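Derivation of every value follows stated rules applied to the coordinates shown; laboratory data play no part. Not measured: the values here are computed from a predicted model. Note: ideal-geometry Cβ built from the backbone for every residue, glycine included; neighbour counts use all protein chains shown.
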Amino acid sequence: MTQPTQPTQHTRPEDPATTAAPTVEHVADRHRYVVLVDGARAGLTAYRDRGAQRVFFHTEIDEAYAGRGLAAQLVHAALTDVRASGMRVVPVCPYVAKYLTSHDEFDDITDPATPEVVQWLEAHLK
């Protein structure tokens with residue numbers, strides 16, 4: 001009689017147990033902040049600057065990295081960088097807007113996403 005074999009366990013590169021702490025980098029010439037996991041880009045949040053305002057309009061995390069809280073880490077680091085630069089935040093991006101509703105430490109640097117700002121953004125994204 002043969003012994004049953006144990007299933008082989010493969011460690012996927014995106015397995016959180018095998019990865020280093022994520023890092024966030026500001027890529028100013030591309031108007032974005034990126035979150036990296038083991039050197040690979042896992043997501044980004046994009047913006048355009050409008051005077052002293054940094055208008056965030058899109059945040060995404062690659063599906064392979066979903067469920068790890070990377071979007072929150074990314075946005076927190078981006079907003080902290082905005083504060084350090086002396087700028088203000090305008091959350092057109094739904095994720096950034098939602099994040100700000102539960103992180104009042106950024107209230108003092110947040111401006112509303114008015115129709116005027118949205119119109120300006122649309123004109124600059126063409």
Return the sequence-ordered ³J(HN,Hα) values of the stretch 107-116 in whole Hz as given by the Karplus equation 6.51 cos²θ - 1.76 cosθ + 1.60 applied to θ = phi - 60°, using x for Gly and Pro.
4, 6, 10, 9, 10, x, 8, 6, x, 4
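With all pairs of different alpha carbon atoms counted, what Kirkwood hydrodynamic radius in Å does the stretch 20-126 show?
Working: mean 1/r = 0.0717 Å⁻¹.
After inverting the mean inverse Cα-Cα distance, the result is 13.9 Å.
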Could you work out how far the C-alpha centroid of the stretch 28-68 sits from that of the stretch 105-126, in angstrom?
17
Using a basic spin-label model with each label point 7 Å from the Cα along Cα→Cβ, how many nm lie between S85 and S102?
2.6
